[in-house]
Amino acid sequence: MRKALRWLLALVVLIGTLSTAGTATAAAAADTDIKDRLLAIPGMSLIEEKPYAGYRFFVLNYTQPIDHRHPSEGTFQQRITILHKDVSRPTVFYTSGYSVSTTPGRREPTQIVDGNQVSLEYRFFTPSRPAPADWSKLDIWQAASDQHRIYEALKPVYTHRWIATGGSKGGMTATYYERFYPHDMDGVVAYVAPNDVVNDEDSAYDRFFATVGTKECRDRLEAVQREALVRREPLERKYEQFAAAGGYTFTTIGGLDRAYEAVVLDYVWGFWQYSLLSDCGTVPAEAAHATDQQIWDSVDTISGFSAYTDQGLETYTPYYYQAGTQLGAPTIHFPYIEKPLIRYGYQPPRNFVPRSIPMRFQPWAMRDVDTWVRHHARHMLFVYGQNDPWGAERFRLGAGARDSYVFTAPGLNHGANVAGLVADQKTLATARILDWAGVAPAAVRTDPSAARPLARYDARLDRRDVEREPALRP
């Protein structure tokens with residue numbers, strides 16, 4: 001009996017000692033400068049720190065396996081940024097699906113939850129590209145595994161809840177991450193995320209363009225687009241001069257003529273992606289009577305004549321590679337343009353990637369994600385713009401989804417966000433984001449209509465406008 005009592009006493013003392021040691025360790029970690037804590041993570045290195053009032057902003061490299069299935073086969077440096085608020089706040093995990101900005105910026109969910117923000121550069125966008133580049137390692141699972149590994153590295157520092165987010169290709173990326181690692185995040189906010197389930201069936205886009213906006217606006221845009229093809233010869237001479245002055249070449253797409261038509265055929269799509277119905281007044285009203293310069297300027301402003309040059313395509317090679325291997329790409333038709341005026345039609349992603357890079361399409365990749373979202377979505381919010389072409393093929397929820405939503409912002413384009421939703425959807429979306437992040441005030445838990453962002457809007461820090469990429473890239 002005495003031995004049993006001595007053993008019990010020793011156990012109590014041991015537990016007390018471990019508890020005290022754990023508390024001391026936690027306290028010591030809290031007292032350590034956040035930069036030191038981040039740089040203590042194996043594989044993390046500092047590129048630079050930039051000041052911003054109320055935050056610490058770090059640009060970092062993190063060592064990643066080129067192939068997460070075979071980590072011994074080499075590594076590369078993946079760039080991330082951290083907008084640090086406080087380790088006691090939730091963390092938003094953001095990616096655009098492209099390169100990462102090294103200027104401090106705060107995405108909408110970060111403002112809503114008043115949290116930290118980790119931003120990731122997508123693999124194979126420079127400088128986060130393995131050398132030499134094995135393009136077969138650029139797929140949605142490898143990219144999701146990049147996020148998973150960074151989350152696991154940072155979770156001991158940022159211990160509170162995490163929300164994944166992204167817009168356009170970044171919204172797709174956040175969705176794929178949730179599909180492959182559904183236990184990492186506490187919620188997902190995916191903005192304007194395309195969902196091309198069946199790559200060869202794109203009639204939804206044709207239906208969209210037949211009804212978007214007003215007939216007057218559609219007629220203006222279609223007339224300018226047609227006129228640019230009618231005047232192909234003089235405008236291509238201008239294009240040759242433009243290319244010579246800028247040092248542009250056209251090897252990848254196969255010539256200036258192909259590039260010219262690709263830019264012109266992007267015109268209507270590009271307008272609705274980046275502009276609002278109220279911008280229709282900027283489009284020449286009488287295209288047939290407009291000067292060549294007016295037609296050129298309108299197409300260049302919306303589509304960008306540098307987009308399909310070798311120099312314009314090079315930056316986005318990783319996107320076009322993924323579009324041609326997994327993501328899919330839209331094909332639309334132009335019933336208002338006479339067939340002889342169109343020589344190539346909407347060209348496939350294969351035409352925008354150097355031929356030295358092999359590509360093979362995997363039709364099952366998007367079907368798998370779509371099926372998973374319909375049946376297993378948990379704590380997911382999808383936001384679309386009513387006048388955004390990319391929303392013609394979107395994610396939808398099935399009977400298996402729980403606490404998940406698809407909302408459409410009226411009149412908005414590819415920059416649609418929660419702030420642009422109708423009032424009841426805006427407050428509901430805000431309330432759910434706050435709840436998923438574990439920071440919903442008691443008043444919001446009782447009445448979602450009371451939900452508001454926890455941080456004030458900062459015009460320098462908060463991103464509200466759609467980020468312009470050349471047309472026909474999400």
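Here residue 395 qualifies as in contact with a Pro (Cβ under 9 Å, 6 or more places away or on another chain) and either within 24 Å of residue 416 (Cα to Cα) or open to solvent by 50 Å² or more (accessible area, probe 1.4 Å) (or both).
Residue 147 passes every criterion in (1) open to solvent by 10 Å² or more (accessible area, probe 1.4 Å); (2) under 25 Å from residue 87 (Cα atoms) apart from (1). Residues satisfying the criterion are present in the stretch 192-200 (criterion: over 28 Å from residue 358 (Cβ atoms) and either crowded, with 18+ Cβ neighbours inside 10 Å or at pLDDT below 95 (or both)).
Could you list all residues from the stretch 53-66 that are open to solvent by 30 Å² or more (accessible area, probe 1.4 Å) and assigned to a strand (DSSP E or B)? Scanning the stretch 53-66 gives 56, 61, 63. Residues in the stretch 444-461 that are within 19 Å of residue 108 (Cβ to Cβ) and out of contact with any helix residue (DSSP H, G or I) (no Cβ under 9 Å at 6 or more places or on another chain) were compared, and the one that is most open to solvent (accessible area, probe 1.4 Å) is 460. Checking each residue of the stretch 429-440 against the condition of being open to solvent by 20 Å² or more (accessible area, probe 1.4 Å) and more than 21 Å from residue 94 (Cβ to Cβ) gives no match.
There is at least one residue in the stretch 339-349 that is surrounded by 19 or more Cβ atoms within 10 Å (Cβ to Cβ), among the hydroxyl-bearing types (Ser, Thr, Tyr) and touching a residue at least 60 places away in the same chain (Cβ under 8 Å). Which one of the conditions (1) more than 29 Å from the chain's Cα centre (by Cα); (2) in contact (Cβ under 8 Å) with a residue 12 or more places away in the chain; (3) at positive phi does residue 192 fail to meet, given that it meets all the rest? If we test residue 192 against (1) more than 29 Å from the chain's Cα centre (by Cα); (2) in contact (Cβ under 8 Å) with a residue 12 or more places away in the chain; (3) at positive phi, just (1) comes out false.
Any residue at all in the stretch 232-242 that is at pLDDT 95 or above, polar (S, T, N, Q) and open to solvent by 20 Å² or more (accessible area, probe 1.4 Å)? Checked against the condition, which is being at pLDDT 95 or above, polar (S, T, N, Q) and open to solvent by 20 Å² or more (accessible area, probe 1.4 Å), the stretch 232-242 yields at least one hit.
Among the residues of the stretch 107-143, the one identified as touching a His at 6+ places or on another chain (Cβ under 9 Å), open to solvent by less than 20 Å² (accessible area, probe 1.4 Å) and in a helix (DSSP H, G or I) is 142. If you check 210, 259, 288 for being in a helix (DSSP H, G or I), more than 23 Å from residue 329 (Cα to Cα) and either open to solvent by less than 60 Å² (accessible area, probe 1.4 Å) or among the small types (Gly, Ala, Ser) (or both), only one passes: 288. Go through the residues of the stretch 180-200 one by one and say whether even a single one is acidic (Asp, Glu), assigned to a helix (DSSP H, G or I) and within 28 Å of residue 325 (Cα to Cα). For the stretch 180-200, residues acidic (Asp, Glu), assigned to a helix (DSSP H, G or I) and within 28 Å of residue 325 (Cα to Cα): absent. Within the stretch 444-459, identify whether any single residue is closer than 23 Å to residue 99 by Cα and without any contact (Cβ under 8 Å) to a residue 24 or more places away in the chain, and answer yes or no. Looking through the stretch 444-459, at least one residue is closer than 23 Å to residue 99 by Cα and without any contact (Cβ under 8 Å) to a residue 24 or more places away in the chain.
Tell me, please, whether a residue that is among the charged types (D, E, K, R), over 21 Å from residue 165 (Cβ atoms) and in contact with a strand residue (DSSP E or B) (Cβ under 6 Å, 6 or more places away or on another chain) can be found in the stretch 49-63.
Our first condition is that a residue be among the charged types (D, E, K, R); within the stretch 49-63, this holds for 49-50, 56.
Now restrict to residues that are over 21 Å from residue 165 (Cβ atoms): 49-50.
Then drop every residue that is not in contact with a strand residue (DSSP E or B) (Cβ under 6 Å, 6 or more places away or on another chain), which leaves 49-50.
Scanning the stretch 49-63, I find at least one residue that is among the charged types (D, E, K, R), over 21 Å from residue 165 (Cβ atoms) and in contact with a strand residue (DSSP E or B) (Cβ under 6 Å, 6 or more places away or on another chain), so the answer is yes.
Among the residues making up the stretch 67-83, those that are open to solvent by less than 20 Å² (accessible area, probe 1.4 Å) and within 20 Å of residue 44 (Cβ to Cβ) are 76, 78, 80, 81, 82, 83. For the stretch 263-282, the set of residues classified as among the hydrophobic types (A, V, I, L, M, F, W, C) and surrounded by 22 or more Cβ atoms within 10 Å (Cβ to Cβ) consists of 263, 264, 265, 268, 269, 271, 272, listed by residue number.
Scanning the stretch 213-231 for residues that are closer than 17 Å to residue 274 by Cα, assigned to a loop (DSSP other than H, G, I, E, B) and open to solvent by less than 40 Å² (accessible area, probe 1.4 Å) gives a single hit, 213. Considering the conditions (1) within 26 Å of residue 384 (Cβ to Cβ); (2) in a helix (DSSP H, G or I), residue 330 is excluded by exactly one of them, (2).
The values are calculated or read from the model by the stated rules, or taken from the named source; none is laboratory data. Because the structure is predicted, anything quoted here is derived from the model rather than measured. Cβ: placed from backbone, ideal geometry, glycine included. Neighbour counts: every protein chain shown. Accessible surface is based on the protein model in full, side chains and every heavy atom, while ligands, DNA and RNA are left aside. Shrake-Rupley method; radii C 1.70, N 1.55, O 1.52, S 1.80 Å.
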